[in-house]
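Chemist: I'd like to ask some things about the structure below.
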Amino acid sequence: MTRLADRFNGTYEPSAGSIYPTLQLLEDEGLVRAEPAEGGRKVHHATEAGLRLVEEQREEIERLWGRAASRSQWGMFGEPEAAEIVGPALRLVKAAVKTLARAHGDPRVVEGVLEVFVDARRRIERIDAERRSS
């Protein structure tokens, strides 16, 4: 469970109530086998059938882990300080999308909206650089 939580960088922490029933199901289906370990714990290993299934589903598994990795970058928004900026940031994006939709591809509008975002990013990076240098 710890390794899985680490892989999600804190955005998901599995509970015993979700992990153990899943492991039991995989064991019942012959996809993993459990072996006794220290302290009455079990270590689970993929069976040949489990490894074959993983190989067959490799692309889907990689796609899912890719999605999980991209979402783990958002784990920082659980912090109260970061959460304060979510609302204003989303309103900014919404305003930009509405403006672009109404502009029907007008390059001047697209360029102007992009300039706002680029300028905002640079200003935020400057704030961060100043913080780090002080």
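Chemist: When the residues of region 95-134 are narrowed to those that are small (Gly, Ala, Ser) and in a helix (DSSP H, G or I), which ends up farthest from ALA82 (Cα to Cα)? Reasoning before the result, please.
Modeler: Restricting attention to region 95-134, the residues satisfying the condition of being small (Gly, Ala, Ser) are 95-96, 101, 103, 105, 112, 120, 129, 133-134.
Filter once more, keeping what is in a helix (DSSP H, G or I): 95-96, 101, 103, 112, 120, 129, 133.
Numbers: ALA95: 21, ALA96: 21, ALA101: 29, ALA103: 32, GLY112: 27, ALA120: 16, ALA129: 17, SER133: 21 Å.
Across region 95-134, the extreme among qualifying residues is ALA103.
Chemist: Further question: Condition check: at pLDDT below 95 and assigned by TED's automatic domain parsing to the domain that holds THR22. Does ILE124 satisfy that?
Modeler: no
Yes/no per residue for (1) among the hydrophobic types (A, V, I, L, M, F, W, C); (2) modelled with pLDDT of 95 or more:
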| position | (1), (2) |
| --- | --- |
| ALA82 | yes, no |
| ILE85 | yes, no |
| ARG91 | no, no |
| ARG108 | no, yes |
| GLY112 | no, yes |
| ARG131 | no, no |
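Chemist: VAL118 - would you say it is surrounded by 12 or more Cβ atoms within 10 Å (Cβ to Cβ), at pLDDT 95 or above and of a type in the set (A, V, I, L, M)?
Modeler: So VAL118 fails the test.
The values are calculated or read from the model by the stated rules, or taken from the named source; none is laboratory data. Treat the numbers as computed from the prediction; the structure is a model and nothing was measured. No Cβ is skipped: glycine too gets one built from the backbone with ideal geometry, and neighbour counts run over all protein chains shown.
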